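A.B. asks: Quick one: the structure is below, and I'll ask about it shortly.
The values are calculated or read from the model by the stated rules, or taken from the named source; none is laboratory data. Just so you know, these numbers come straight off a predicted model, no measurement behind them. All Cβ positions, even for glycine, are placed from backbone atoms using ideal geometry, and neighbour counts span all protein chains on display. Heavy atoms of the whole protein, side chains included, go into the accessibility calculation; ligands, DNA and RNA do not. Shrake-Rupley method; radii C 1.70, N 1.55, O 1.52, S 1.80 Å.
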Amino acid sequence: MKRTCFTFIILAIALTALAQATQPCIVKQYNQRQQKTPLGGVQVVVRGAQTATSAANGTLTLNFATLKPGDRVPFRSATKAGYEIFNKAAVESWNISRDKTPFVIVLVRSDYFTQLKQNLKQTSVTSYKTKYEKAKADLAKQQKEGKLKEAEYRQKLNELEDHYDTQLKNIDTYIDQFARFDLSELSEKEDSIIELVHNGFIDEAVKAYDELNAIGGYESSVETVRTISRQIDQAVAERDRQQEMADSILHLMQRQHVTLTEMTLQLSREEMGDVKKYKQFVKSALDTYEQLYADDPERYHQGLDLLKKEWERVKDQ
């Protein structure tokens, strides 16, 4: 039993020897204007790393087999009964940290979030309908007073109805965005937007929100250009140095990877004894390596070749 456990420990080491990056995370609960609190028991699923569950203090670590620092994290879900993702935009644009800075995943209670969006939507729909009915009555009054001819009245009425329908069609998207404003970290401008929404001035809030995003995007782009300009010379030299170092390390790790795989096969062969069980073990390992090879041929070709040779040797026994 001890040797069997050791065999699988060695295999686990072999399969993870080329892990490229780790990403520490902290899962927190959104508490409106109060400080966020750690949230345990949250299962985080991303592509390229094993599923991890947050501890009582909200911490967890993701170990990526092929992704590197700076790569986009293919986020799938962060789940716990009664909760849902709050900082959706952040997790959808999440890159692996280069300096091991913990990534914060924020969840919100589903009952609170659902009620908040329902309240905001009801306020907004009521506001839209009030303005629509007022504008419609104004057109009818102008038409009755002879200020609008029939054709012009019909045209303006159709335009008003189309605009109203568009507002209702887009309302869910904006409500979801407004509901995700972090009340514990609002800027002055964001605070004024939320106030507009709660007071039913949805058009004004949408306009301010769009302007805020445009300004923020412009400022971010300008700062990015400045940063790149300052660092471009150093980056080129650093890239070359890192590439040379990476090539050396990769060669060494590949050799260690193959050595560990050879050791695993040898120990498994000795431990299992039974040819049938050993064949099943080799076939399972070969299937695993074929999947790894499909994602990264350069890194896994040596281990795959080794297992193919071993399979050819034992498959007809």
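A.B. asks: Name the residues whose placed amide hydrogens come within less than 5 Å of the amide hydrogen of ASN95, ignoring near sequence neighbours (fewer than 5 apart) on the same chain.
C.D. replies: Under 5 Å from the amide H of ASN95 lie the amide H atoms of VAL73, each far enough along the sequence or on another chain.
A.B. asks: Where in the range 91-134 is the amide nitrogen less than 19 Å from a point lying 7 Å along the Cα-to-Cβ axis of TYR153?
C.D. replies: Counting only backbone N, you get 132-134.
A.B. asks: Counting other Cβ atoms within 10 Å, keep those with at most 16, restrict to DSSP loop, and tell me which trypsin sites (Lys or Arg not before Pro) in the range 130-179 are left.
C.D. replies: LYS147, LYS149
A.B. asks: Here's another thing I want to ask about it. Tell me, what is the FRET efficiency for THR79 and SER192 to the nearest 0.05, using R0 = 25 angstrom and their Cβ-Cβ distance as r?
C.D. replies: According to the calculation, E is roughly 0.15.
A.B. asks: Once fully extended, how much extra length lies between LEU160 and GLN34, figured as 0.36 nm per residue of separation less the alpha-carbon to alpha-carbon distance?
C.D. replies: Full extension from LEU160 to GLN34 adds 41.2 nm.
A.B. asks: Additional query: State whether the range 37-121 is rounded, prolate or oblate according to the following rule on the C-alpha gyration tensor (a ≥ b ≥ c being the square roots of its eigenvalues): a/c under 1.5 gives rounded; otherwise a/b larger than b/c gives prolate, and the remaining case gives oblate.
C.D. replies: prolate
A.B. asks: At what distance in nm do the modelled label points of THR61 and ASP99 sit from each other, each positioned 7 Å from its Cα along Cα→Cβ?
C.D. replies: Those two pseudo-labels are separated by 2.0 nm.
A.B. asks: Same structure again: Using a Förster radius of 41 Å, what is the FRET efficiency between LYS117 and LYS283 based on their Cβ-Cβ separation? Nearest 0.05, please.
C.D. replies: So, using R0 = 41 Å, E works out to roughly 0.20.
A.B. asks: Send over the semi-axes of the range 72-119's equivalent ellipsoid, whole angstrom and largest first, taken as the square roots of 5 times the C-alpha gyration tensor eigenvalues.
C.D. replies: They are 25, 10, 9 Å, listed largest first.
A.B. asks: Dipole of the range 134-184, Cα-centred, from +1 at each Lys and Arg C-beta and -1 at each Asp and Glu C-beta, to the nearest 20 debye?
C.D. replies: My answer is approximately 340 debye.
A.B. asks: Right, here's the next one. How high is the FRET efficiency from THR126 to LYS68, r the C-beta distance, R0 51 Å, rounded to 0.05?
C.D. replies: That pair, THR126 with LYS68, gives E of 0.50.
A.B. asks: Here is a follow-up. With labels modelled as points extended 7 Å from the Cα through the Cβ direction, what inter-label distance (nm, one decimal) is found for ARG313 paired with VAL45?
C.D. replies: Taking the two extended label points, one gets 3.9 nm.
A.B. asks: Residue by residue through the range 192-203, what is 3J(HN,Hα) from phi via Karplus (6.51 cos²θ - 1.76 cosθ + 1.60, θ = phi - 60°)? Round to whole Hz and write x for glycine and proline.
C.D. replies: 5, 5, 4, 4, 4, 4, 5, 8, x, 8, 5, 4
A.B. asks: Follow-up. Using the heavy atoms of the protein chains and a 1.4 angstrom probe, tell me the accessible area per residue for the range 91-146 in square angstrom.
C.D. replies: Ligands and nucleic acids excluded, the figure is 61 Å² per residue.
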